[in-house]
Amino acid sequence: MIAELGHFALILAFAVAIFQMIVPMIGAGKGWGGWIDSARPAALAQFGLVGISFVALTMAFVTSDFSVALVYQNSHTAKPMIYKISGVWGNHEGSMLLWVLIVALFGAMAAIFDANLPPKLRARVLAVQGSIGAAFLGFILFTSNPFLRMASPPFDGRDLNPLLQDPGLAFHPPFLYLGYVGLSMAFSFAVAALIEGRVDAAWARWVRPWTLAAWVFLTIGIALGSWWAYYELGWGGFWFWDPVENASFMPWLIAAALLHSAIVVEKREVLKSWTILLAIMAFGFSLIGTFIVRSGVITSVHSFASDPKRGVFILAILAFFVGGALLLYTFRAASMQARGAFTPVSREGALVLNNILLAVSTFVVFIGTVWPLVAEMLWDRRLSVGAPFFEQAFTPFMVALAIILPVGAILPWKRGKLKRVLYPLRGALVFAGAVMALVFAVSTGHSALAVIGAGLGAWLVAGAVVDLWLRTGNSGLSRLRRLPRADWGKAVAHAGLGVTFIGISLLMAWQVEDIRVARIGETFTVAGYDITLESVEERPGPNYNSITAAMTVDRNGQQVALLHPEKRVYPVQSMPTTEAAIQSGPFRDLYLVIGDEQQGGGWAVRVYIKPFASWIWLGSALMALGGFISLSDRRYRVAAGARHARTAPQPAE
């Protein structure tokens, strides 16, 4: 009965979404107040109905209702409760239901918190958001129904993919979807602005918090996925340039560009057309990511589904929304004239350069991701594009971005003098140079990657500190405490990017890897650490069998750690997983992996010494924290653009 209730609620939500898509849009065009006002209750009703459907599916997983086909295919009675719950979105159908729930959530939040929006603009925004919900609700109902029943319910289920039975992967998809789908709000605002023919400072103020929230959630989601790959897969890496990893990275880059571009529109009312285009493309890349994950056109360990029919449906949704928005953009772009002018050496100029670098780097990642598909379609050639291409083609743009960020942050609006701006940064430059010299002195083989990456990271961190200090007018700590939270948030996020730069560059340049066969009781040395394989024994888990090793790590005669790497086998799916044992520290990680028993005796063992690995996720956490600090700025909670209310031009109908 619960499953039928969830299915019925989903059908009602589809009907409400169609109403929300059509009625408020017509009302805004005709000026009919009742139709305009219907957008808010429709958005709230859609969220409530999708929420009921999602709760119903969750209850089916929690109670192990194997009469529901999706529960049978992705759950098991012996599975821990946390993975029964995360199993709701650990599959194609359930993850799409979560996807549309978040679409409805953002629509409901817009209905509640954007009460100060002009009624016609709010109606159009919610109508566009409703159309996105309608499209994906239709996709679920016609191709991916999560509530299908089985005629003969089995006694137990087939279990969730063992790779997904991990705390990191339990929370990774919800955060990632909050970012993906959050960009739909920026898209809805862009299309609504194009329909009205008005893009001004007030519009930019309204769209910035939604974009910032999406960017923060994407940051958290990507970081969780990277952290999971690092400790769960056993290969010791944190980023593989996998197509699905790239699918989340591309909207993150475009959203970062959109955030900076919206600042220019808000402060100077220039770059209007470019900002609208970025809002369209940010959500467009989110839809591209959805297509990559669910169509099967590109092979990936992260893919949810490989049904071509579903892929065609998603491709049609992508073509309709992005194609339609771009067509509307071509008709309206000429009306979005810039009001101000600026010189290349200005904050506007720096933000334009920032946008160019982010957009081109996104294009590089996109080409590398889809090129194997293009080669197979056009020339019948199977090839792969791996890390060497991305590292060589993508890295230069990030280096340039890191160089200009501290300078652009303190440039004045409209026009400035580079010499005057660089003078306050001399301390930051000296600090970065000192870090580069230190890294060069201790580098084995004098790795250029370590020196340059650490220097750029130090430059970003020191530049963020200088930016904060300059905003106090050199008046000391009392003024520093009274700075707007948005200023603090920007500085923390930029510093977080610098910390990530340091972590990635030093890890890649200095890490040590050792692969060998070790016998029980044998001691071997890796990078000054004496490692002993003490024992290997079998242990039962709640729904798996584990081969667990005990390995001691000594340095200079003192025990540093006792670690227990595992190799698990999940009997239901007969699938092994690797559980690395990691001792994390502020300056290095000890990373141990136990492999298979060898025929001649002994066990395959992998050891990694990973310097500054934790700085990668510390930097990501700082970037997300900076976003949250900025979102808490009271200027995001007051009437957006209120000071423009009397001078704003009337919407073009």
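So which residues in the range 510-521 are loosely packed, with under 15 Cβ neighbours inside 10 Å, touching a strand residue (DSSP E or B) at 6+ places or on another chain (Cβ under 6 Å) and not in a strand (DSSP E or B), if there are any at all?
If the condition is that a residue be loosely packed, with under 15 Cβ neighbours inside 10 Å, touching a strand residue (DSSP E or B) at 6+ places or on another chain (Cβ under 6 Å) and not in a strand (DSSP E or B), then 520 is the only one that fits.
Exactly one of these conditions fails for residue 124: (1) surrounded by fewer than 24 Cβ atoms within 10 Å (Cβ to Cβ); (2) among the charged types (D, E, K, R); (3) closer than 18 Å to residue 283 by Cβ. Give me its number.
Answer for residue 124: the failing condition is (1).
State whether the residues of the range 47-56 include one that is in a helix (DSSP H, G or I) and within 30 Å of residue 198 (Cα to Cα).
Yes, the range 47-56 contains a residue that is in a helix (DSSP H, G or I) and within 30 Å of residue 198 (Cα to Cα).
Scanning for something under 22 Å from residue 216 (Cβ atoms) and without any contact (Cβ under 8 Å) to a residue 24 or more places away in the chain, does the range 483-490 turn up at least one residue?
There is at least one residue in the range 483-490 that is under 22 Å from residue 216 (Cβ atoms) and without any contact (Cβ under 8 Å) to a residue 24 or more places away in the chain.
Do the conditions hold for residue 374, that is, is it more than 20 Å from residue 452 (Cα to Cα), assigned to a helix (DSSP H, G or I), out of contact with any His (no Cβ under 7 Å at 6 or more places or on another chain) and not assigned by TED's automatic domain parsing to the domain that holds residue 249?
Yes.
Here's a check for you: in the range 150-199, which residue that is hydrophobic (A, V, I, L, M, F, W, C) and under 15 Å from residue 99 (Cβ atoms) is surrounded by the most Cβ atoms within 10 Å (Cβ to Cβ)?
Within the range 150-199, the match that is surrounded by the most Cβ atoms within 10 Å (Cβ to Cβ) is 183.
Of (1) touching a Pro at 6+ places or on another chain (Cβ under 9 Å); (2) in a helix (DSSP H, G or I); (3) over 30 Å from residue 70 (Cα atoms), residue 194 satisfies all except one. Which?
Evaluating residue 194 over (1) touching a Pro at 6+ places or on another chain (Cβ under 9 Å); (2) in a helix (DSSP H, G or I); (3) over 30 Å from residue 70 (Cα atoms) leaves (1) as the failure.
If you go through the range 535-547 one residue at a time, do you hit one that is in contact (Cβ under 8 Å) with a residue 40 or more places away in the chain, surrounded by fewer than 22 Cβ atoms within 10 Å (Cβ to Cβ) and under 19 Å from residue 617 (Cα atoms)?
No; the residues of the range 535-547 include none that is in contact (Cβ under 8 Å) with a residue 40 or more places away in the chain, surrounded by fewer than 22 Cβ atoms within 10 Å (Cβ to Cβ) and under 19 Å from residue 617 (Cα atoms).
For the range 204-214, state whether one or more residues are of a type in the set (Phe, Trp, Tyr), assigned by TED's automatic domain parsing to the domain that holds residue 283 and assigned to a loop (DSSP other than H, G, I, E, B).
Scanning the range 204-214, I find no residue that is of a type in the set (Phe, Trp, Tyr), assigned by TED's automatic domain parsing to the domain that holds residue 283 and assigned to a loop (DSSP other than H, G, I, E, B), so the answer is no.
When the residues of the range 559-583 are narrowed to those that are in contact with a Leu (Cβ under 8 Å, 6 or more places away or on another chain) and either modelled with pLDDT of 90 or more or among the small types (Gly, Ala, Ser) (or both), which ends up surrounded by the most Cβ atoms within 10 Å (Cβ to Cβ)?
565
Scan the range 327-354 for residues that are out of contact with any Phe, Trp or Tyr (no Cβ under 7 Å at 6 or more places or on another chain), under 25 Å from residue 193 (Cβ atoms) and not hydrophobic (A, V, I, L, M, F, W, C) and jot them down.
Passing the criteria: 329, 330, 332, 335, 337, 339, 340, 354.
Return the residue satisfying two criteria in turn: it lies in the range 369-378 and is of a type outside the set (A, V, I, L, M, F, W, C) and over 19 Å from the mean Cα position of the chain (by Cα), and of such residues it is surrounded by the most Cβ atoms within 10 Å (Cβ to Cβ).
Step by step, filter the range 369-378, then rank; the result is 372.
Any chance the range 25-37 includes a residue that's charged (D, E, K, R), without any contact (Cβ under 8 Å) to a residue 24 or more places away in the chain and over 24 Å from residue 125 (Cα atoms)?
No - not one qualifying residue is present in the range 25-37.
Let me spell it out: the conditions are (1) under 22 Å from residue 517 (Cα atoms); (2) within 36 Å of the chain's Cα centre (by Cα), and residue 534 meets all of them except one. Which number is the exception?
(2)
Of everything in the range 132-160, what is among the hydroxyl-bearing types (Ser, Thr, Tyr) and in contact (Cβ under 8 Å) with a residue 40 or more places away in the chain? Give them in sequence order.
143, 144 - these are the residues of the range 132-160 that are among the hydroxyl-bearing types (Ser, Thr, Tyr) and in contact (Cβ under 8 Å) with a residue 40 or more places away in the chain.
From the list 95, 64, pick out the single residue that is part of a helix (DSSP H, G or I), at pLDDT below 95 and among the small types (Gly, Ala, Ser).
Going through 95, 64 in turn, just one is part of a helix (DSSP H, G or I), at pLDDT below 95 and among the small types (Gly, Ala, Ser): 95.
Inside the range 436-465, can you point out the residues that are without any contact (Cβ under 8 Å) to a residue 24 or more places away in the chain and part of a helix (DSSP H, G or I)?
436, 437, 438, 440, 441, 442, 448, 451, 455
Please find, among 95, 53, the residue that is of a type in the set (Ser, Thr, Tyr) and over 20 Å from residue 167 (Cα atoms).
Residue meeting the stated conditions: 53.
Of all residues in the range 1-53, which are among the hydroxyl-bearing types (Ser, Thr, Tyr) and more than 30 Å from the chain's Cα centre (by Cα)?
Of everything in the range 1-53, just one residue is among the hydroxyl-bearing types (Ser, Thr, Tyr) and more than 30 Å from the chain's Cα centre (by Cα), namely 38.
Is the range 148-161 home to any residue that is of a type in the set (A, V, I, L, M) and more than 21 Å from residue 84 (Cβ to Cβ)?
Yes.
Given (1) in a loop (DSSP other than H, G, I, E, B); (2) at pLDDT 90 or above, where does residue 504 come up short, assuming only one miss?
For residue 504, the failing item is (1).
Which count do you get for residues in the range 321-359 that are surrounded by fewer than 16 Cβ atoms within 10 Å (Cβ to Cβ), in a helix (DSSP H, G or I) and either free of Cβ contacts under 8 Å to residues at least 40 places away in the same chain or out of contact with any helix residue (DSSP H, G or I) (no Cβ under 7 Å at 6 or more places or on another chain) (or both)?
8
Exactly one condition in (1) modelled with pLDDT under 90; (2) more than 22 Å from the chain's Cα centre (by Cα) is not met by residue 168; state its number.
For residue 168, the exception is condition (2).
Quick one: count up the residues across the range 498-546 that are more than 26 Å from residue 615 (Cβ to Cβ) and aromatic (Phe, Trp, Tyr).
2
Would the range 379-397 turn up any residue that is on the phi > 0 side of the Ramachandran plot, part of a loop (DSSP other than H, G, I, E, B) and surrounded by fewer than 19 Cβ atoms within 10 Å (Cβ to Cβ)?
Looking through the range 379-397, at least one residue is on the phi > 0 side of the Ramachandran plot, part of a loop (DSSP other than H, G, I, E, B) and surrounded by fewer than 19 Cβ atoms within 10 Å (Cβ to Cβ).
Against the conditions (1) touching a Leu at 6+ places or on another chain (Cβ under 7 Å); (2) under 30 Å from residue 243 (Cα atoms), where does residue 424 fall short? Just the number, please.
(2)
Hey, does the range 264-275 have a residue that's under 15 Å from residue 190 (Cβ atoms), touching a residue at least 60 places away in the same chain (Cβ under 8 Å), surrounded by fewer than 23 Cβ atoms within 10 Å (Cβ to Cβ) and out of contact with any Phe, Trp or Tyr (no Cβ under 9 Å at 6 or more places or on another chain)?
Yes, the range 264-275 contains a residue that is under 15 Å from residue 190 (Cβ atoms), touching a residue at least 60 places away in the same chain (Cβ under 8 Å), surrounded by fewer than 23 Cβ atoms within 10 Å (Cβ to Cβ) and out of contact with any Phe, Trp or Tyr (no Cβ under 9 Å at 6 or more places or on another chain).
The values are calculated or read from the model by the stated rules, or taken from the named source; none is laboratory data. Small disclaimer: the values here were computed from a predicted structure and weren't measured. Because the Cβ atoms are built from the backbone with ideal geometry, glycine has one as well, and the counts that use them run over all protein chains shown.
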